[in-house]
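All remarks here apply to the structure that follows.
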Amino acid sequence: LWSRPHYQFFPLVLLASFLLILSRARSMGEWDAVTLKSLLLSRGLLVASAGLLALSFLRLSPLGAYVSFLLALASLILRLGIPAWGPWSLLLLLIRVPYGQDVALIQWMQRITTNLSSVALDTIHVEHIAEGNILTFPGRSLFVEEACSGVVSMLAIVACAGILAVWWNRSFLHGLTLIATGLFWAGAMNVVRVVTIAVALDRFGIDLTEGWRHETVGLCVFVVSLMALFSTDRLLLFLLAPVPMNPLSSYWPYAEENRLVRLWNLGTGRDTEEDAYDSYGNYSEDWSNPVYDEELPAKSRAGDGDSVKPSRIRPRPWEWAFAIPFLLVGGAEVFAGIGPFSVAPPVSQSALDLVATDLPENLAGWKQVDFEVQHRDGSSVFGEHSRLWTYRNGPYLVRLSVDFVFPEWHELTACYSGTGWRINGRTQSDPESTRVSATLTKPNGEQAFLLFDLFESDGSDYVSPSGSFMHPQLRRIFGGKATRFTLPTYYQVQALTGIPGESLTDDARQSISNLFTEFRDQIRHRVTGQDSGNDSFQRGGNDDVSELTGIPSEAGTDPSAQYE
């Protein structure tokens, strides 16, 4: 999770959950009685945890291993009767949404932030143009992703809301509402942050997007967000407070009772059969009757069924066997260097040293006209480093780029969606290839053609883990091709072409594909020293193809203005 900036709050959640579980475990007198049903359920969860752990090991799935840990922890809570389901539920916040939907949600929030920030800037008469997630000012462009990075993030505010709800022991409805309002406050505070940065840049010439100024703005926004959560919690205490029952109903079963009131109180998480609460959820001792208190029978918290005290529970020998898979997985991680023992290979110095002359002046019939080096923040969706060459052939300009490094597959089309492009079509050359082509358009009619692919730091093609039951890296270790697990490091190559007309001709598309193939092969060799393997794209023509014809170059779209 360290490699994903929007999840870097996870140590706070782990620490808070551990402390809350420890605090509630020390409340020995308040432990739930353990019934036979809970013991059977506990053993079932333990079996499921061990099975899921073995499957996660074969697939090298951190998500599956984490869910296995949650099942094992739930089994322990049931077996000991610890009232710790609230702290356990906090750990659910660290389950990464699969298929990249968490990134999609964040990008959607960034688009909302951009639109609301644009409306606010229009209100205070700040000249700008909003395009995708980019706010353009005279002489400067502001990417909302960069403006919203730092101390506060949407998921961090949601995590804080969950921690506060569990810490204060709020009801399920109260906690769920507080988390939902956390999403609102995160969005609102990000709008405040973007507007503040934009006004400081436009009116006073102060750059708050970098350095200690940016971190200070982020910290102030985070503090204001916490204050908003505190205020929201007090409001929810009033709105979701239990309604007082008839005082006599607490000890006289024939007292009149309002069923709607009981239903509301059940929704707020209050058990009015055992306690009487005032309108603020506080226990009121004035409602008790000392005359009848001694005659009331004690109620078992365990409900129906025989209960077993935690101190009488003795694990059976076969239950200890479930500890063996966890020990084996831990030993395998140390031996193979998996998980926290993995080694991330350094960024290739050859990639950092790339210059314009590393590619020929004429490549696949295209002429080099420009070269650029870009360095971004490590959390940028476009990668921390980029080396960009611009090639021309007739009316067409192609921006070739190698971007690095990425820990997993990087869906470049999502990045361009955030800069104002619409993805009209995305195709893959064939099921065995990872090369992707896409057609991009903008509301103003601009069009572009995109090609991109990834390769590993050792020069091999990107291999999707979903193609086999066993993870490719484990196959390498078991096959003797690798001795330790190293974190994958991927380099991305792309070609972005502005379309100077209504559509791209077949000859132009084939020529751009040839150029991209040559570029990828040469960059792969420069960075890793390895040659390319078979490619699914069939190259038509040679390096001496004739100049492409079409609309004059002045009408073409310069892709260098579109890539950030």
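The values are calculated or read from the model by the stated rules, or taken from the named source; none is laboratory data. As the structure is a computational prediction, the values presented were derived from the model and not from experiment. Every residue, glycine as well, gets a Cβ built from its backbone with ideal geometry; the counts of neighbours run over all protein chains shown.
In summary, Asn133 fulfils each of the numbered conditions (1) under 22 Å from Ile179 (Cα atoms); (2) within 20 Å of the chain's Cα centre (by Cα); (3) modelled with pLDDT under 85 with the single exception of condition (1). Of all the residues that make up the range 223-251, how many are more than 32 Å from the chain's Cα centre (by Cα) and at pLDDT 90 or above? Looking only at that region, the number is 0.
Can you find even one residue in the range 200-209 that is of a type in the set (D, E, K, R) and out of contact with any helix residue (DSSP H, G or I) (no Cβ under 9 Å at 6 or more places or on another chain)? The answer is yes, given that some residue of the range 200-209 is of a type in the set (D, E, K, R) and out of contact with any helix residue (DSSP H, G or I) (no Cβ under 9 Å at 6 or more places or on another chain).
Among residues of the range 77-91 that are touching a residue at least 40 places away in the same chain (Cβ under 8 Å) and more than 15 Å from Val34 (Cα to Cα), those with a Cβ under 9 angstrom from a residue that is polar (S, T, N, Q) and not in a helix (DSSP H, G or I), sequence gap 6+ or separate chain, pair up as Gly86/Asn169. Taken together, Gly64, Gly86 contain a single residue that is crowded, with 16+ Cβ neighbours inside 10 Å and under 17 Å from Gly162 (Cβ atoms), which is Gly86. Filter the range 390-407 down to residues that are under 23 Å from Asp458 (Cα atoms) and buried (at least 16 other Cβ atoms within 10 Å of the Cβ) and give me whichever is farthest from the chain's Cα centre (by Cα). Within the range 390-407, the match that is farthest from the chain's Cα centre (by Cα) is Leu400.
Of the residues Gln494, Gln510, Gln538, Gln522, which single one is out of contact with any strand residue (DSSP E or B) (no Cβ under 9 Å at 6 or more places or on another chain) and at pLDDT 90 or above? The unique qualifying residue is Gln510. Can you name the residue in the range 417-436 that is within 22 Å of Arg509 (Cα to Cα) and crowded, with 20+ Cβ neighbours inside 10 Å and is also modelled with the lowest pLDDT among such residues? The residue in question is Trp421.
Being under 30 Å from Leu504 (Cα atoms), among the aliphatic types (A, V, I, L, M) and either at pLDDT 85 or above or outside the structural domain of Val47 (by TED's automatic domain parsing) (or both) is the requirement here; does Ala414 meet it?
Values: under 30 Å from Leu504 (Cα atoms): yes; among the aliphatic types (A, V, I, L, M): yes; either at pLDDT 85 or above or outside the structural domain of Val47 (by TED's automatic domain parsing) (or both): yes.
Spelling it out, Ala414 is indeed under 30 Å from Leu504 (Cα atoms), among the aliphatic types (A, V, I, L, M) and either at pLDDT 85 or above or outside the structural domain of Val47 (by TED's automatic domain parsing) (or both).
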